[in-house]
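Throughout, read-outs are computed from the coordinates displayed, never taken from laboratory work. Nothing here was measured: the structure is a model prediction, and the numbers come from that model. In this analysis, Cβ positions are derived from the backbone assuming ideal geometry, glycine residues included, and neighbour counts consider all displayed protein chains.
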Amino acid sequence: MINGEPTAKGGITYVVTGGGGNSFNNFTTAQPPRTAFREDTYYEFVKVTVSPTTLAVEAVAADTNAVFDSTTIQLDRSDTVPPSSPTGLSAGPVTASTVSLSWRAGNDDVAVAAYEIFRDRSGIPVGTSATTDFVDSGLTPGTGYAYTVVAVDEAGNRSAPSFATTVTTLEHDDPDDDLETVPGASTTDRAPVANQQNSATPETGAACGSSGPAPR
């Protein structure tokens, strides 16, 4: 197990222990890797202490509670296979000073522990993330940036960088300034619209009816 996740390699997987009884039996098959084996003639119980990198085993005498034997199993760091590169790196949302990034996870034969985020081909990451997203902050408004992401496994193996994504921060964060406006103009400063009608309207004082001589 590493961080609560089952692993095929790279972690301490189990401890076999026994004590007391009428006799002691040795292993009849080859011992599994990353194990330690002790035996004695005391009736005992075993105290196991687990840390991220070690598993300590203490044999405690049943009658006196005295520790009469112990061993420590170190985390196997023989993993030399790097994770695959993260994919699908994209940016958004973007402000004048921040860029939000997300990507699809890299794969590893044990487990990916973290991701390193790089900006503008710098050899030093701007940050790390245990998840597949990150927000880069403190950026300059109206400036273009290029990002890549590297996956890192428990043994410290690093993937090749992801494909880069580029993004430009906003000039400012005021959404009202994004509207195209004319200085000094208002929404009422518009050209008048002619009110067209379907039929002619007679002018005041004009006669209605057919043309011709007026009746006498």
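The slack in the chain from ARG158 to ALA130, taken as 0.36 nm per residue of separation less the alpha-carbon distance, amounts to 8.7 nm. Working note: Karplus 6.51/-1.76/1.60 with θ = phi - 60° gives segment 47-64 the couplings 9, 10, 10, 10, 10, x, 10, 9, 10, 9, 10, 10, 8, 10, 5, 5, 8, 10 Hz, where Gly and Pro are set to x.
Counting pairs of Cα atoms in segment 87-173, how many percent are more than 21 Å apart? It works out to 27 percent of all Cα pairs.
Close amide H partners of ALA164, meaning residues 5 or more places away or on another chain with modelled amide H under 5 Å apart, do not exist here. Near the amide H of GLY127, within less than 5 Å, lie the amide hydrogens of ILE117, all on another chain or at least 5 residues away, with H placed in the peptide plane. Amide H contacts of ASP79 (H built 1.01 Å from N, in plane; Pro and chain starts excluded): no residue 5 or more places away or on another chain comes under 5 Å. Using the Cβ-Cβ distance between GLN74 and ALA105 with R0 set to 30 Å, the FRET efficiency works out to roughly 0.60.
Here the extension length gained between ALA66 and ARG121 equals 14.0 nm, from 0.36 nm per residue of separation less the Cα-Cα distance.
Per-residue extension of 0.36 nm, minus the Cα-Cα distance of ALA96 and SER137, leaves a gain of 13.8 nm for this segment.
Rounded to the nearest 0.05, the FRET efficiency derived from the C-beta distance between VAL81 and VAL46 at R0 = 25 Å is 0.15. For segment 50-97, relative contact order (Cα pairs under 8 Å, six or more residues apart, normalised by length) works out to 28 percent.
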